[in-house]
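K.L.:
Sharing a structure, written as structure tokens. Questions coming.
The values are calculated or read from the model by the stated rules, or taken from the named source; none is laboratory data. Just so you know, these numbers come straight off a predicted model, no measurement behind them. Counting neighbours? That spans all protein chains shown, and the Cβs are built from the backbone with ideal geometry, glycine included. Please note that ligands, DNA and RNA were not included when accessible areas were found on the heavy atoms of the full protein model with its side chains. Shrake-Rupley method; radii C 1.70, N 1.55, O 1.52, S 1.80 Å.
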Amino acid sequence: MSLSGQVVVVAGATGVVASGATRKFLDAGATVVGVSRSRDKLAELAKTLKISPSESFIPVAGDFDSETSAEATRAAVVSTLGGKAIDHVLSAVGFIATGGAPTATPLAVLKKSLDDGLYNTFLVAKSFLPLVKDRAGASYTLVSGGLAHFPPPSPTLWMATLKNAAVNALTFGLASETAESAVRVNTICIHFSVAPVGGAKNQLGFPADKDTLSLGSAFLGVAKGSAKGQVICLNSWDAAARLS
Ligand SMILES: NC(=O)c1ccc[n+]([C@@H]2O[C@H](COP(=O)([O-])OP(=O)(O)OC[C@H]3O[C@@H](n4cnc5c(N)ncnc54)[C@H](OP(=O)(O)O)[C@@H]3O)[C@@H](O)[C@H]2O)c1
């Protein structure tokens, strides 16, 4: 599946999930603009993914913690592309927060968990969805997790349920906004643990059968596929492979 000549912006490129997707977008011949808050982490990512000089990887430092920083990040990406259009966006900023049970959680802790998992995701959409909205063949893909759908196995994970359900709901809002537009907005909702490159556990220490490199092709599949306005639940690694 080729993305030769196409431009993919990956927000949160240094993250566990996005790093595998970044590798697969590069393998497909795309120019990948990887956005992270940290230039050092972007340099480390290039080493981890063994990105060669012949591959087109453009690291951009940027934040999505406010409308001002998100606008500056969008401007930096647009500037570095020098007028070249963006074809696909993967938004994978933030992870889930753990804490006490709901009634034992200070409001400030809940607000921070949403800053770090929902509002940054919202700001990526505000910044980049308008840039691909009318682009033929364009895709805009978000990421969430299966905890969205049921009571969490531990009350310490309830903020993850809230964040993931909210990202799925955001998908439907964005899909409604772009129903008549060219872009296809979808979310990949992952129902299993994903390990970093070469790892066997995710960030919370939950065992993962495979690492992110085995998931990356699913993002390629959605970018090149026909799904539009969907929350695509991946219940297993096999389901991820079928999406490839
Ligand atoms: N890992 C799993 O096992 C798993 C399983 C199911 C679902 N998911 C879902 O997948 C999504 C991504 O998770 P992940 O595991 O990849 O998380 P992650 O490893 O923490 O990656 C998220 C990335 O987002 C970036 N980020 C965070 N806040 C940001 C901000 N304000 N501005 C710019 N960048 C920001 C961080 O990059 P910098 O620090 O470099 O800026 C970080 O590398 C989440 O929705 C998560 O719920 C993950």
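K.L.:
Could you tell me the relative contact order of the chain? Use alpha-carbon pairs under 8 Å, at least six residues apart, and round to a whole percent. Provide the component values of the computation, followed by the final result.
P.N.:
Details: 510 pairs, mean separation 49.3, N = 244.
Relative contact order here is 20 percent.
K.L.:
OK, next. At 1.4 Å probe size, with every protein chain present, just tell me what the per residue accessible area of the chain comes to in Å².
P.N.:
On a per-residue basis, the chain sits at 44 Å².
K.L.:
Right, here's the next one. Of all the Cα-Cα pairs you can form in the range 1-89, what percent are over 15 Å apart?
P.N.:
54 percent
K.L.:
Right, another one. Dividing the convex hull volume of the Cα atoms of the range 138-195 by its residue count, what figure in Å³ per residue is obtained?
P.N.:
Convex hull volume per residue, Cα atoms: 73 Å³.
K.L.:
To test your reading of the geometry: what angle, between 0 and 90 degrees and rounded to tens, separates the Cα axis of helix 67-81 from the longest principal axis of the chain?
P.N.:
30 degrees
K.L.:
Could I ask something else about it? Could you rank the peptides 155-163, 184-192 by their average count of other C-beta atoms within 10 Å per residue, with the highest value first?
P.N.:
For the peptides 155-163, 184-192, the packing ranking is 184-192, 155-163.
K.L.:
Sorted by packing (mean other beta-carbon atoms within 10 Å per residue), highest first, where do 125-136, 11-22, 227-238 land?
P.N.:
11-22, 125-136, 227-238
K.L.:
In debye, nearest 20: dipole of the range 3-136 around its Cα centre with unit charges on the Cβ of K, R (+) and D, E (-)? Write out the running numbers ahead of the final one.
P.N.:
Details: 14 positive and 12 negative charges, 35 e Å.
My answer is approximately 160 debye.
K.L.:
So what is the calculated 222 nm ellipticity per residue for the chain, using -39500 (n - 2.57) for each DSSP H run with n of 4 or more, over all residues, to the nearest 500 deg cm²/dmol? Intermediate values should be presented prior to the final figure.
P.N.:
Numbers: 8 runs with 94 residues, N = 244.
Calculated at 222 nm, the ellipticity per residue is -12000 deg cm²/dmol.
K.L.:
Compute the Rg to Rh ratio over the chain from the alpha carbon atoms, using the Kirkwood formula for Rh, and round to two decimal places.
P.N.:
Computed over Cα atoms, the ratio is 0.94.
K.L.:
Return a whole-number percent for the relative contact order of the range 149-244, with Cα pairs under 8 Å and 6 or more residues apart as the contact set.
P.N.:
Details: 122 pairs, mean separation 26.3, N = 96.
Relative contact order here is 27 percent.
K.L.:
Whole angstrom only: what separates the Cα centroid of the range 141-179 from the Cα centroid of the range 192-210?
P.N.:
20 Å
K.L.:
Could I ask something else about it? Give the lysines whose C-alpha is closer than 23 Å to that of residue 111, dropping any in the same chain fewer than 8 places away, or say none.
P.N.:
126, 163
K.L.:
Below 14 angstrom from the Cβ of residue 227, what's the summed charge of the other residues (Lys, Arg +1; Asp, Glu -1)? Before the final figure, lay out the partial values.
P.N.:
On the way: positive: 184, 224, 228, 242; negative: none.
Here the count lands on +4.
K.L.:
Please determine, in degrees from 0 to 90 and to the nearest 10, the orientation of helix 16-27 with respect to the longest principal axis defined by the Cα atoms of the chain, where the helix direction is its Cα long axis.
P.N.:
20 degrees
K.L.:
While we're on this one: Quick one: with all protein chains in place, what share of the accessible area of the chain is carbon or sulfur, to the nearest percent (1.4 Å probe)?
P.N.:
Of all accessible area on the chain, carbon and sulfur atoms account for 55 percent.
K.L.:
Need one number: % antiparallel among DSSP beta bridges in the chain, to the nearest 5.
P.N.:
Details: 1 of 32 bridges.
Antiparallel bridges make up about 5 percent of those DSSP assigns within the chain.
K.L.:
Taking the mean number of other Cβ atoms within 10 Å as a proxy for protection, how do you rank 172-180, 111-119 from highest to lowest?
P.N.:
111-119, 172-180
K.L.:
With N set to the number of residues, divide the alpha-carbon radius of gyration of the range 126-233 by 2.2 N^0.38 Å and report two decimals.
P.N.:
Taking N as the residue count of the range 126-233, the ratio is 1.16.
K.L.:
Distance between Cα centroids, the range 99-134 to the range 56-95: provide it in whole Å.
P.N.:
That distance is 17 Å.
K.L.:
Out of all DSSP beta bridges in the range 1-82, what portion is antiparallel? Express it as a percent rounded to 5.
P.N.:
0 percent
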